[in-house]
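The values are calculated or read from the model by the stated rules, or taken from the named source; none is laboratory data. All values derive from a computational prediction rather than experimental measurement. Glycine also receives a Cβ, built like all others from the backbone with ideal geometry; neighbour counts cover every protein chain displayed. With ligands, DNA and RNA removed, areas are computed over all heavy atoms of the protein, side chains included. Shrake-Rupley method; radii C 1.70, N 1.55, O 1.52, S 1.80 Å.
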Amino acid sequence: MSGMTVPPWGPPIDVLPLLAREEQALVGLLSGVGRDEWTAPAAGGATVHELIARVLGSKLARLSRDRDQHRVGDPGTFDAHWVPATRQLSPEVLFALLVDSTAQLTELWKHRDLDEPLDDAPAWLVLARDYAGFWVRQQQVREAVGAPLLDDRELRTPVVDTFLRALPEALRSVPARTGRQVACAVEGAGRWTVRSTGDGWTIAPGAATSRSPLASMTTDADTFWRLCTGENVRDRLRTTGDPEVCDAVLSLRAGL
């Protein structure tokens, strides 16, 4: 946006040290999942098998596009073709492919300049979005098989942070004078403030400095990530202030 000196998505989110931990936790989980549990119903009408296929597909597509420069067709259609095709793969094959892809993906990101642009954002934000998607899918698998959530604050907070970085874009059409603030407090994760630049919005971690923000949102980390992945939890969030801003907050979606 013209005239902006601060990028709308805010300062970098460092999830690179967390990739291996999240991946290892998923591998450990699936090592104990029985064959019958792979067909268990999960979030959004998917099965465990389909969720794992989506995780694997995301990893393989990222390696193909950004490591091997293999860019064919519309990336947005990949999932629609990939998931039905993987129904022909046994859980054992799917698991083996997932294990094989994990180290490769970590190596890809370790050797990238995360400040350089990638697609529509800096590479660090693309990586953070990937990580958030993997983390959410793992929670959905864990719920489907009755396993404890991977709810460590260090692993969870970057997911909340990443989803909130979409708020400046969601507010793009909302006019506000320069300096007006939107306060976001997520228990178990932290505080963020969205500020108007006059011709756009930007976000950064930290509490609002305004005594009368344009709007505010208060909730907990579990509720927030569920909201962003389409679960019906709006009644568990507290929003006050400008109705258009509040509606934008409540309409945030992760795009998984």
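Filtering the stretch 50-67 down to residues that are open to solvent by 30 Å² or more (accessible area, probe 1.4 Å) and in contact with a Lys or Arg (Cβ under 7 Å, 6 or more places away or on another chain), which residue is modelled with the lowest pLDDT? Out of the qualifying residues, it is Arg65. Pairs, please: C-beta under 7 Å, at least 6 apart or cross-chain, first residue outside any helix (DSSP H, G or I) and in the stretch 120-137, second among the aromatic types (Phe, Trp, Tyr)? The qualifying pairs are Ala121/Trp9. For the stretch 83-104, a residue qualifies if it is among the hydroxyl-bearing types (Ser, Thr, Tyr) and crowded, with 17+ Cβ neighbours inside 10 Å, and the qualifying residues are Thr86, Ser101, Thr102.
Could you list, in sequence order, the residues of the stretch 14-30 that are in a helix (DSSP H, G or I), open to solvent by 60 Å² or more (accessible area, probe 1.4 Å) and touching a Phe, Trp or Tyr at 6+ places or on another chain (Cβ under 8 Å)? Listed by number, the list is empty, since nothing qualifies. Of everything listed in (1) modelled with pLDDT of 95 or more; (2) loosely packed, with under 11 Cβ neighbours inside 10 Å, the single unmet condition for Ala80 is (1).
Considering only residues in the stretch 1-13 that are at pLDDT below 95 and open to solvent by 70 Å² or more (accessible area, probe 1.4 Å), the one that is nearest to Glu92 (Cα to Cα) turns out to be Trp9. Checked against the criteria, Gly230 counts as part of a loop (DSSP other than H, G, I, E, B), under 23 Å from the mean Cα position of the chain (by Cα) and not hydrophobic (A, V, I, L, M, F, W, C). The residue of the stretch 31-49 that is nearest to Asp79 (Cα to Cα), among those that are open to solvent by less than 30 Å² (accessible area, probe 1.4 Å) and part of a helix (DSSP H, G or I), is His49. For Ala221, the test of being open to solvent by less than 30 Å² (accessible area, probe 1.4 Å), free of Cβ contacts under 8 Å to residues at least 40 places away in the same chain and within 20 Å of Ala132 (Cβ to Cβ) is failed. Looking across Val160, Val182, one residue alone is touching a strand residue (DSSP E or B) at 6+ places or on another chain (Cβ under 6 Å), in a helix (DSSP H, G or I), among the hydrophobic types (A, V, I, L, M, F, W, C) and touching a residue at least 60 places away in the same chain (Cβ under 8 Å). It is Val160.
Considering the stretch 143-186, and only residues there that are surrounded by fewer than 21 Cβ atoms within 10 Å (Cβ to Cβ) and among the hydroxyl-bearing types (Ser, Thr, Tyr), the residue that is nearest to Pro205 (Cα to Cα) turns out to be Thr157.
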